[in-house]
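Worksheet for the structure shown next.
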Amino acid sequence: MDDINRFKQKLVSDEESAKRVEEALAVLFSFKEFLHERDKTFEVLNSEDFYEFSKILIELEKNTELSYEMLIRFGHFTNNSELVKLGREVFDGSEVMENFSKRLIEEYSEDFRNDIFKDLDIPPLGIDPKEKPEYTKKLISRFHDKVGEQTCVEFLAKGLRDPYYEWRKPDRERFLNSKNIDEFLAEKRKRFIASLEQHEKEGTLFFTQEIDKDVLEYVKSKPGIEGGVRKGNILTVSKIPHETIKFLKEEDEMLKAYYYCHCPWVKESIKDGTVDEIPNAFCNCSGGYYKNYWQIVLDQPIEVKTVKTVINGDPICEFDVHLPEDVVKGLE
């Protein structure tokens with residue numbers, strides 16, 4: 001029995017609906033046939049194979065969340081980390097341009113939104129990452145030119161990612177159960193490193209990247225990653241590189257920036273040399289990601305400043321979280 005039919009049995013045993021099973025198998029068999037025509041298999045597929053197939057799903061209007069979710073589940077089922085990674089990348093930040101569109105209507109008007117988007121539709125789910133920066137270049141540049149730098153920064157600093165409230169809710173409880181913010185931060189970083197150590201031990205992916213001992217050593221040497229470094233009411237946080245293994249091995253500064261960058265709406269423009277066509281203000285969206293997190297954890301308004309970004313020539317992306325006075329009161 002081949003992997004797809006074994007996966008079918010798994011779905012049935014998991015009590016998936018007959019309709020979901022049928023749709024999942026249709027996608028997997030189509031992908032298998034597509035790979036066969038390219039003299040490939042699931043075991044040796046690469047990103048070009050994946051996104052060429054994704055293009056077909058888009059054309060057939062079968063680029064549903066279910067299609068990509070099942071590709072990820074099939075990847076897990078067959079221990080195919082490349083398929084898991086590529087599937088997860090589809091969802092990473094996929095909501096950004098749709099949220100941008102919605103907020104333009106909410107905070108300005110539908111006519112204003114239509115003027116910004118004029119010749120562009122919302123990017124479809126599953127679009128090739130190489131195509132994403134073109135949306136950013138056009139849409140964010142138009143918005144920036146319409147409203148000016150400061151307004152653009154303030155708008156983007158609210159974030160364009162979903163807030164992921166349920167995912168972050170446990171950290172709210174952990175904060176309430178902590179003695180103070182410093183204890184919460186120490187425990188948060190401890191959990192993060194323990195999670196990376198487990199991924200390294202089990203050979204599993206941390207979101208879309210592999211973790212090895214060099215990655216662990218790097219993260220442990222950078223206290224700003226995940227937990228952050230607090231001085232007074234300013235908490236300075238930085239990101240773990242998006243592709244840390246490649247980032248650590250790379251010497252070319254442009255490629256180091258490429259491997260560091262997390263944003264799927266910018267990343268490929270670093271590699272093709274067109275990143276200067278994207279307003280620097282766009283990276284305040286990443287600050288908004290932290291803003292939403294801390295507003296959920298602390299249950300009050302938070303200001304976050306984007307202070308360093310790789311598209312601005314900095315070696316890392318760094319953000320200052322302005323903690324409320326009541327959170328740091330009594331702490332040095």
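All of the numbers you see were taken from the coordinates with simple rules; none came from a lab. Model, not experiment: these values are computed from the prediction. Cβ placement follows ideal geometry from the backbone for every residue including glycine, while neighbour counts extend to all protein chains displayed.
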Notebook entry, point to check: Which of the GluC sites (Glu not before Pro) across the range 215-277 are loop residues per DSSP, with 14 or fewer other Cβ within 10 Å?
Noted result: E251
Check: Which length gain, in nm to one decimal place, applies between K271 and K102 when the Cα-Cα distance is subtracted from 0.36 nm times their residue separation?
Finding: 57.9 nm
Note to self: Nearest 500 deg cm²/dmol is fine: what mean residue ellipticity at 222 nm does the chain get from its DSSP H runs of n ≥ 4 alone, each adding -39,500 (n - 2.57), divided by its residue count?
What the structure shows: -17500 deg cm²/dmol
Margin query: Please list, short to long, the whole-number percent of alpha-carbon pairs of the range 141-287 in consecutive 10 angstrom bins beginning at zero.
Written below: 10, 30, 36, 20, 4, 0
Check: Once the piece of chain linking D214 and R142 is laid out straight, how much longer is it, given 0.36 nm per residue of separation minus the C-alpha distance between them?
Finding: 21.8 nm
Next item on the list: Can you run the Rg to Rh ratio on the range 103-218? Use alpha carbon positions and the Kirkwood inverse-distance Rh.
Entry: 1.10
Next item on the list: Compute the distance in nm between two label points, each set 7 Å from the Cα along the Cα-to-Cβ direction, one at R88 and one at L60.
Entry: 2.7 nm
Item checked: Beta bridges per DSSP with both ends in the chain, % antiparallel, nearest 5 -> 95 percent
Note to self: Rg/Rh for the range 121-185 to two decimals, with Rh computed the Kirkwood way over all alpha-carbon pairs.
What the structure shows: 1.18
Notebook entry, point to check: If each of V44 and E325 carries a label point 7 Å out from its Cα toward its Cβ, how far apart are those two points in nm?
Noted result: 6.6 nm
Note to self: Quick check: convex hull over the Cα atoms of the range 1-99, volume per residue in Å³, rounded to an integer?
What the structure shows: 109 Å³
Item checked: Residue among G228, T208, F117 farthest towards the positive dipole end of the chain, charges placed on Cβ -> G228
Next item on the list: About the Cα centre of the chain, how large is the charge dipole given +1 on each Lys and Arg Cβ and -1 on each Asp and Glu Cβ? Please answer in debye to the nearest 20.
Entry: 940 debye
Next item on the list: Using DSSP to define loop residues, name the chymotrypsin sites (Phe, Trp or Tyr not before Pro) in the range 220-327 whose beta-carbon has at most 13 other beta-carbon atoms within 10 Å.
Entry: none
Next item on the list: Please name whichever of P264, F42, H322 sits farthest to the positive end of the charge dipole of the chain, dipole taken about the Cα centre and charges placed at Cβ: Lys and Arg +1, Asp and Glu -1.
Entry: H322
Note to self: If I histogram all Cα-Cα distances within the range 238-278 using bins 10 Å wide from 0, what percent of pairs lands in each bin?
What the structure shows: 33, 55, 12
Next item on the list: Positive end of the charge dipole of the chain (Lys, Arg +1 and Asp, Glu -1 on Cβ, about the Cα centre): tell me which of G287, F100, V237 has its Cα farthest that way.
Entry: V237
Notebook entry, point to check: Once the chain is represented by equal point scatterers at the alpha-carbon sites, with solvent omitted, what log10 I(q)/I(0) does the Debye formula produce at q = 0.13, 0.15 Å⁻¹?
Noted result: -1.14, -1.41
Next item on the list: Go through K190/K308; K201/K267; K132/K256; K10/K213; K188/K249 and tell me which ones have a Cα-Cα distance over 23 Å in this structure.
Entry: K190/K308; K201/K267; K10/K213; K188/K249
Notebook entry, point to check: Measuring from label point to label point, each 7 Å out along Cα→Cβ, what is the V12 to N177 span in nm?
Noted result: 4.2 nm
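Let's see if you can work this out: charge +1 on each Lys and Arg Cβ, -1 on each Asp and Glu Cβ, no other charges. What is the dipole magnitude of the range 53-126 about its Cα centre, in debye to the nearest 20?
Value, rounded to 20: 400 debye.
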Next item on the list: Work out the FRET efficiency for L120 and A194 from their Cβ-Cβ distance, taking R0 = 51 Å, and round it to the nearest 0.05.
Entry: 0.75
